[in-house]
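Asker: I have a structure here, written as structure tokens, and I will follow up with some questions on it.
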Amino acid sequence: MFKEEGELIMEYTTIIVTKQSGVATIMFNRPEVLNAFDRVMGKEIGSAVAEIRDDPEVRCVILTGTGRAFCAGGDIKGMLSKFSSANPDERRAGLKNTHRWLKELINLDRPVIASVKGFAVGAGMSLAMVADIIIAEENAKFAQSFVGIGLAPDLAGSYLLPRLVGLNKAKELTFTGETFDAHSAQRWGIVNQVVSGEDLESVTWELALRLAKGPTKAIGLAKAMLNKSFETHLATFLDTEASYQALCAGTEDFKEGVQSFKEKRKAKFRGK
């Protein structure tokens, strides 16, 4: 497992957070309910994201799950029963608390990889789509399953999905709640890579280490530009591009990149 060789960052009850070689791993840890998402998990993910955000040693993040699943959506017997009994203002306030760390995770200035096995449905699929890159085992299953219990999507699912698959396909998947496999997810642009179950961890870890050893200042700024590209006017975007390029040119990584090119050797980036 990812956790066995990593340094435990903090003690949690519903997640396991470790750090190794510049990579922080957040593992959803409710295997008895296929890592179903509840309020406690939400609060703990928020704490973990804040911890990672403020840790300069973390240069890449992995999201994954223990046991047989990534995350089988919201905990219908637990969280959702309380959610339905709350008044609208209480429901809205609860979701807004979740949105705070969700935005931080989406905009984190370091790459995030989702390593998906088993079910990633409902809120679980949304959590996977929060990542910049998704690697899935060939038996993984995805669904925007909210319609099955009479809910609209949450955790930014309706924002992220059309950016990956296009508006009409996103509507189809959301309206029908259809379950689909990893190969379909890859064909539609949700998943980047499909691997065997036995290779999932090693392939994820190899990519995470590669990104963690990269010029993470530049990667973070590039991520910010890519995330803004759908909403920003071209002239504003180009101003941002010029500013970010100028910032990169002043980093130690840029100097190292130029020097390593001159010396015909592999660059040793430090994320500074």
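Please treat every number below as a calculation from the coordinates, not as lab data. Keep in mind the model is a prediction, meaning the values are calculated, not measured. Reconstructed Cβ throughout: ideal geometry from the backbone, glycine too, with neighbour counts over all protein chains shown.
Asker: Can you give me the Rg/Rh ratio for region 216-262, using Cα atoms for both radii and the Kirkwood formula for Rh?
Answerer: 1.07
Asker: Now a separate question. What residue among Ala24, Ala224, Ala128 has the largest mean-square fluctuation in a Gaussian network model of the chain, using Cα springs under 10 Å?
Answerer: For the chain, modelled as a Gaussian network with Cα springs under 10 Å, the answer is Ala224.
Asker: Next question. Which entries in the list Lys117/Lys228; Lys96/Lys141; Lys228/Lys262; Lys43/Lys141; Lys141/Lys268 go over 31 Å, if you measure between the two C-alpha atoms of each?
Answerer: Listed pairs above 31 Å: Lys228/Lys262; Lys141/Lys268.
Asker: Also: Between Leu164 and Arg100, what FRET efficiency follows from the Cβ-Cβ distance if R0 is 22 Å, with the result rounded to 0.05?
Answerer: Efficiency for this residue pair is about 0.40.
Asker: Mark the label point 7 Å from the Cα of Arg92 along Cα→Cβ and return the residues of region 149-171 whose backbone N is within less than 19 Å of it.
Answerer: Under 19 Å, as judged by backbone N against the label point of Arg92, lie 151-156 of region 149-171.
Asker: While we're here: Along the principal axes of its C-alpha atoms, what lengths does region 104-147 span, in descending order and rounded to whole Å?
Answerer: Answer, in whole Å and largest first: 30, 25, 9 Å.
Asker: Anyone know which of Leu102, Leu226, Leu173 comes out most mobile in the 10 Å Cα GNM of the chain?
Answerer: In the Gaussian network model the winner is Leu226.
Asker: Figure the gain on full extension for Glu231 and Leu209 (residue separation times 0.36 nm, minus the Cα-Cα span) and round it to one decimal in nm.
Answerer: 4.8 nm
Asker: How high is the relative contact order of the chain, in percent, counting Cα pairs under 8 Å that sit 6 or more residues apart?
Answerer: Averaging sequence separation for qualifying contacts and normalising by length gives 16 percent for the chain.
Asker: Could you compute the net charge surrounding Thr14? Neighbours are other residues with a C-beta less than 13 Å from the C-beta of Thr14; K and R count +1, D and E count -1.
Answerer: -2
Asker: Further, regarding this structure: For region 144-186 and region 8-80, what is the separation of their C-alpha centers, rounded to whole Å?
Answerer: Measuring centre to centre over Cα atoms gives 22 Å.
Asker: Moving to a separate point now. If the cut-off is a Cα-Cα distance under 16 Å, which aspartates and glutamates reach Lys272, setting aside same-chain residues fewer than 8 apart in sequence?
Answerer: Output for Lys272: Asp54, Asp55, Glu57, Asp109, Glu252, Asp253, Glu256.
Asker: Using a ≥ b ≥ c from the Cα gyration tensor of the chain (square roots of the eigenvalues), is it rounded, prolate or oblate, where a/c under 1.5 gives rounded and otherwise the larger of a/b and b/c decides, a/b for prolate?
Answerer: prolate
Asker: Filter the GluC sites (Glu not before Pro) in region 123-213 to those in DSSP coil with at most 14 other Cβ atoms within 10 Å of their Cβ, and list the result.
Answerer: Taking region 123-213 and a limit of 14 other Cβ atoms within 10 Å, the loop GluC sites (Glu not before Pro) found are Glu178.
Asker: List the lysines whose Cα sits under 17 Å from the Cα of Lys266, skipping any in the same chain fewer than 8 residues away.
Answerer: Lys213, Lys255
Asker: Could you tell me the calculated FRET efficiency between Phe180 and Glu138, based on Cβ-Cβ distance and R0 = 22 angstrom, to the nearest 0.05?
Answerer: Calculated transfer efficiency: 0.95.
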